[in-house]
Amino acid sequence: MARLRDCLPRLMVTIRSLLFWSLVYGYCGLCISIHLLKLLWSIGKGPAQTFRRVAREHPPACLNDPSLGTHCYVRVKDSGLRFHYVAAGERGKPLMLLLHGFPEFWYSWRHQLREFKSEYRVVALDLRGYGETDAPIHRENYKLDCLITDIKDILDSLGYSKCDLIGHDWGGMIAWLIAICYPEMVMKLIVINFPHPNVFTEYILRHPAQLFKSSYYYFFQIPWFPEFMFSINDFKALKHLFTSHSTGMGRKGCRLTTEDLEAYIYVFSQPGALSGPINHYRNIFSCLPLKHHMVTTPTLLLWGEKDAFMEVEMAEVTKIYVKNYFRLTILSEASHWLQQEQPDIVNKLIWTFLKEETRKKD
């Protein structure tokens, strides 16, 4: 009996692991079946239209707007990769580092680049594999450990030891991890529409609605097919994410202009431009949940209540993982693309949080 009691915890861990991976691969199979049906339906309606792609050789003018800042590059020591970023504000001012989500790039922070450059050196990064940043070929190069090290090395390369860190969506995930692993690097943490990573992994297994909303995580585990599905119909799926009634922005805020939307399509229509971003997701199930998970940095979590991809309940639960000042602000009628859709409100909330004194919780 004693031996059985000793073996039982390991057995339960093994059974739980088997159930988890059965769920992952089973849902992957379901997702690919659904998308195959969508592809066949599209081909049936119009094969020429399905495989049509407009050549985009030159970037839209908005990507070179001088009011947004200066395009810069830095090569980091650990990986040897060259990173692209846009910087606004004088060198030597406190650093504000902005991490975008999917499918985005530095341009998603255009409103914040203009807003905060008066008091900060604002740096909007293209994450590993995105935009003009180098994109390693192998999926193993996109593990969370690599992404965390990227941010640490970029801070060093920019000549800073700490920053105010802001992340949205997948960039929010990375921001949480930086605050957990390198708390001395983060003066204040601001996350937009992404819960603490442990909240996400626990919630998704217990709530079918969130499992459905996160179906793209499972779909992205499949090699090459997600990239193909994004590109058909001249990147219709990408346009749909930003503009549709169900997932897009603009219910009661800003919409993407035609030029804004063309900027996104230009970046992701370049050869191989989708593989790096999707590879970020192809390692996530082997990296979560986290062994160390407490955040000791003052934290602001902003959330669009009408987020089509994240249940708002996860935002409320996140506070148990922050052992410091924590503020949650939920914006009603706002979507997932919060800093682009409600820039004035978001910027005001960020200013308030950055300027106020925060005391650590007992």
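Across the options Ala179, Phe230, Asn347, the greatest Cα extent toward the positive end of the charge dipole of the chain (unit charges at beta carbon of Lys, Arg, Asp, Glu) belongs to Ala179. So the label point goes 7 Å from the Cα of Arg91 along Cα→C-beta, right? Which residues of the range 32-72 then have their backbone N under 17 Å from it? Within reach of a label on Arg91, which here means backbone N under 17 Å from a point 7 Å along Cα→Cβ, the range 32-72 contributes 69-72. Rounded to the nearest 20 debye, the dipole size of the chain about its Cα centre is 680 debye, using +1 on the Cβ of Lys and Arg and -1 on the Cβ of Asp and Glu.
Using the rule -39500 (n - 2.57) for each DSSP H run of four or more residues, divided by the residues of the chain, the 222 nm mean residue ellipticity is -13500 deg cm²/dmol.
Relative contact order of the chain: 18 percent, from C-alpha pairs under 8 Å at least 6 residues apart in sequence. Per residue, the range 46-356 exposes 40 Å² of solvent-accessible protein surface, assessed with a 1.4 angstrom probe and all protein chains in place. If both residues of a DSSP beta bridge must be in the chain, then about 30% of such bridges are antiparallel. Averaging Cα coordinates gives a centre for the range 111-158 and one for the range 163-202; these two points are 14 Å apart. In the range 86-128, the portion of solvent-accessible area held by carbon and sulfur atoms comes to 42 percent [1.4 Å probe, whole percent, DNA, RNA and ligands not counted].
Considering only Leu81, Phe326, Phe105, and ranking their Cα positions along the charge dipole of the chain that arises from unit charges at the beta-carbon of Lys, Arg, Asp and Glu, the one farthest toward the positive end is Phe326.
What part of the accessible area of the range 150-238, given as a whole %, is carbon or sulfur when the probe is 1.4 angstrom? About 62 percent, which is the carbon plus sulfur part of the accessible surface.
Placing dummy labels 7 Å off each Cα toward the beta-carbon, the span from Thr296 to Asp234 is 5.4 nm. Simple spin-label model, 7 Å along Cα-to-Cβ: Ser161 to Thr258 in nm? Each label point lies 7 Å from its Cα, and together they span 5.2 nm. Comparing Ser244, Val122, Ala55 along the charge dipole axis of the chain, the residue lying farthest to the positive side is Ser244, per the Cβ-charge model. Relative to the current alpha-carbon distance between Glu357 and Asp344, full extension at 0.36 nm per residue lengthens the span by 2.5 nm.
Let's test the formula: R0 of 22 Å, r as the Cβ-Cβ distance of Leu205 and Glu313. What FRET efficiency results, to the nearest 0.05? Walk me through the intermediate numbers first.
Values: r = 14 Å, r/R0 = 0.64.
Working from the Cβ atoms, E equals 0.95.
Screening the chain for whole DSSP H helices of 30 Å or more along their axis (Cα) with average Kyte-Doolittle hydropathy at least 0.0 returns 2-45.
So which lysines can Lys93 reach, going by Cα to Cα under 19 Å and dropping same-chain residues fewer than 8 places off? Counting by Cα, and skipping residues close in sequence, Lys93 has these lysines nearby: Lys117, Lys152, Lys162, Lys188, Lys355. To the nearest 0.05, how large is the calculated FRET efficiency for Thr329 and Ser246 if R₀ is 25 Å and r is the Cβ-Cβ distance? The pair Thr329/Ser246 has a calculated efficiency of 0.60. Mean silhouette area of the chain, derived from the convex hull of its C-alpha atoms and averaged over all directions, reads 20.1 nm².
The values are calculated or read from the model by the stated rules, or taken from the named source; none is laboratory data. Just so you know, these numbers come straight off a predicted model, no measurement behind them. Positions of Cβ are generated from backbone atoms using ideal geometry, with glycine treated the same way; all protein chains shown enter the neighbour counts. SASA here: full protein model, heavy atoms, side chains in, ligands and nucleic acids out. Shrake-Rupley method; radii C 1.70, N 1.55, O 1.52, S 1.80 Å.
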